[in-house]
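The values are calculated or read from the model by the stated rules, or taken from the named source; none is laboratory data. Source: prediction; values computed, not measured. Neighbour counts run over all protein chains shown; Cβ positions are idealised from the backbone, glycine included. Heavy atoms of the whole protein, side chains included, go into the accessibility calculation; ligands, DNA and RNA do not. Shrake-Rupley method; radii C 1.70, N 1.55, O 1.52, S 1.80 Å.
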2 protein chains.
Amino acid sequence: MNQEQLIVTMAMQAWETQIKRADQLFNALSDEQLLQEIAPGKNRVIYLVGHLAAVNDGINSILGLGERQYAHYDAIFLSSPDKAKEAPSVQEVRDAWTTTIKTLTERFSKVSTADWFTRHLRMTDEDFQKEPYRNKLSVLLNRTSHVAYHLGQVVLVKSR
Amino acid sequence: MNQEQLIVTMAMQAWETQIKRADQLFNALSDEQLLQEIAPGKNRVIYLVGHLAAVNDGINSILGLGERQYAHYDAIFLSSPDKAKEAPSVQEVRDAWTTTIKTLTERFSKVSTADWFTRHLRMTDEDFQKEPYRNKLSVLLNRTSHVAYHLGQVVLVKSR
């Protein structure tokens, strides 16, 4: 394993660790718990699961992996706060989370090591020359922290 | 900038992003807010700040950076749940967070690029040969997600 492969493996493991934890947590929560707020007056779990599905689905565009499947989730779970728009059913949002992860896993596996170090699609070539660390792999690192951030919130509903 | 330097820069930026967000949030919260629970019956903010100070301070040992400064925080903020032991004052815990970050920043700056790719001190040489991606940089990635996780919780106290 050369140094670049090693780094991609590291970043991918950090991502998978958070995704696995989130997946296990969401599966352990009942539909009723998904409709609960994480704290009084704060987002409901269903909103956060839909939000994570939307943001993770958006990785497809940023990394040029292929078509998005849940672009319509952005309006409900990204640009609007919870309860502003009618959310899909709990089961549908659960499915969106699972489908999004499944698609990303398949598509990530086809990204070559070298490609992870190329610019992501929200950057210009010029900016990338100045800031070469803003590559595709850095998007994965940021999205990993994003999952962890909301995971720390959803866990509050467990064993309440 | 060679590929290895690039990766260290990426991981360091991901870390700094979360630390900066946490630092700004903690500074924006009043002492009273630090004594509030993030949700009814859950950890208080002061516990989470102390917990982050303890875990981040522990990075010194895992990476062999030098002496820990807050090893005594482990008993209060790591191996015990909130309220089980008497916590230090809010100001003391704020200072612990700040000091820990300051020390890590100084010590991280002295770690050579090559050293980031060596095994961390909780691994044997033998294990490291099998799993070479479990290096010092992977500890940084995991601790970055750990900060994000609790940051998502502390933010719940803001504008409540």
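Can you give the three extents of the C-alpha atoms in segment A:19-158 along their principal axes, from longest to shortest, in whole Å?
The Cα atoms of segment A:19-158 stretch 48, 27, 25 Å along the principal axes, largest first.
Roughly how much accessible area, to the nearest 100 Å², goes out of reach of solvent when B and A pair up, both sides summed, probe 1.4 Å?
Chain pair B/A: roughly 2900 Å² of buried accessible area.
Percentage of Cα-Cα pair distances in the protein assembly as shown greater than 28 Å, rounded to whole percent?
Looking at the protein assembly as shown, the distances longer than 28 Å represent 44 percent of pairs.
Quantify, in whole percent, the carbon and sulfur part of the accessible surface of the protein assembly as shown (1.4 Å probe; protein heavy atoms only).
After summing per-atom areas, the C and S share lands at 48 percent.
Short version: ³J(HN,Hα) in whole Hz for each residue of segment B:21-28, in order, from phi by Karplus 6.51 cos²θ - 1.76 cosθ + 1.60 (θ = phi - 60°), x for Gly and Pro, what are they?
Result, rounded to whole Hz: 4, 5, 4, 5, 5, 4, 5, 7.
Just to be sure I understand: if I project the alpha-carbon convex hull of segment B:1-98 onto a plane and average over all orientations, what area do I get in nm²?
Mean projected area for segment B:1-98: 7.4 nm², to one decimal.
Dipole of segment B:88-160, Cα-centred, from +1 at each Lys and Arg C-beta and -1 at each Asp and Glu C-beta, to the nearest 20 debye?
300
Placing +1 at every Lys and Arg Cβ and -1 at every Asp and Glu Cβ, with all other atoms neutral, what dipole size does chain B have around its Cα centre, in debye to the nearest 20?
Working: 19 positive and 19 negative charges, 64 e Å.
The calculated dipole for chain B is roughly 300 debye.
Under unit Cβ charges (Lys, Arg +1; Asp, Glu -1), what dipole magnitude, rounded to 20 debye, does the protein assembly as shown have relative to its Cα centre?
That gives the protein assembly as shown a dipole magnitude of about 240 debye.
With the contact rule set at Cα under 8 Å and sequence spacing of 6 or more, what percent relative contact order holds for segment B:19-158?
29
So the label point sits 7 Å from Cα along the Cα-to-Cβ vector; using that for A:Ala114, what distances do you get to the other copies, in nanometres, sorted shortest first?
2.7
Using a 1.4 angstrom probe, figure out how much accessible area segment B:19-158 has per residue, in square angstrom, rounded to the nearest whole.
46
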